[in-house]
Amino acid sequence: HQWSTAQVWSIIERWKVNPHPCYRLGYARCSCACCIFGNKDQWASTRVVVPEQFEDVATYESLFLKTIDRKLSLSAKADQGTPYSATKNAAVVAEARNADWNEPVILDEWVMPAGAFEALDGPC
């Protein structure tokens, strides 16, 4: 718990550990796709990557007559955002959606993923 984000990514890079596809997509954490503290770009990305989950949450807003954001519906918030650029990569999206991990754990060539140093919203 005392390591900085830079220290964590440094050790992952040093050993060429394959990061979860969500980090390659641009998310800052594996649990962020439907986080209530998500920003507009994150929700726009979630609508692309896991549209069924996005729609479930949007439907709950309608059913409960309450929105996650005090000012905007989830759809309006996502409309204001821009999906992460990696969400255009169908292979990475498929990897992130896949329930089975079929990738190597250690990579020959390691690249810092887009989400490695993304800012987190909320108390995550």
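Quick notes
- A 1.4 Å probe over all protein chains sorts LYS71, LYS40, LYS77, LYS66 by accessible area into LYS71, LYS66, LYS40, LYS77, starting with the largest.
- The chain: DSSP helices with Cα axial extent of at least 15 Å and average Kyte-Doolittle hydropathy no lower than -1.0: 51-64
- Reduced Cα scattering model of the stretch 1-72, Debye log10 I(q)/I(0), q = 0.16 Å⁻¹: -0.67
- Think of the stretch 9-124 as having a plus end and a minus end, set by charges on the Cβ of Lys, Arg, Asp and Glu; of ALA76, CYS35, TRP15, ALA76 sits farthest toward the positive end of this dipole.
- Relative frequency of Cα-Cα separations exceeding 24 Å in the chain, percent: 32
- Taken about its Cα centre, the stretch 15-124 carries a charge dipole of roughly 360 debye when the Cβ of each Lys and Arg holds +1 and the Cβ of each Asp and Glu holds -1.
- The stretch 1-102: chymotrypsin sites (Phe, Trp or Tyr not before Pro) in DSSP loop, at most 13 other beta carbons within 10 Å: TRP3, TRP15, PHE37, TRP101
- Taken about its Cα centre, the stretch 64-107 carries a charge dipole of roughly 380 debye when the Cβ of each Lys and Arg holds +1 and the Cβ of each Asp and Glu holds -1.
The values are calculated or read from the model by the stated rules, or taken from the named source; none is laboratory data. Note that the coordinates shown come from a computational prediction; the quantities given were computed from them, not determined experimentally. Every residue, glycine among them, receives a Cβ derived from its backbone with ideal geometry; neighbour counts consider all protein chains shown. Note: accessible area is taken over every heavy atom of the protein model, side chains too, but ligands, DNA and RNA are not part of it. Shrake-Rupley method; radii C 1.70, N 1.55, O 1.52, S 1.80 Å.
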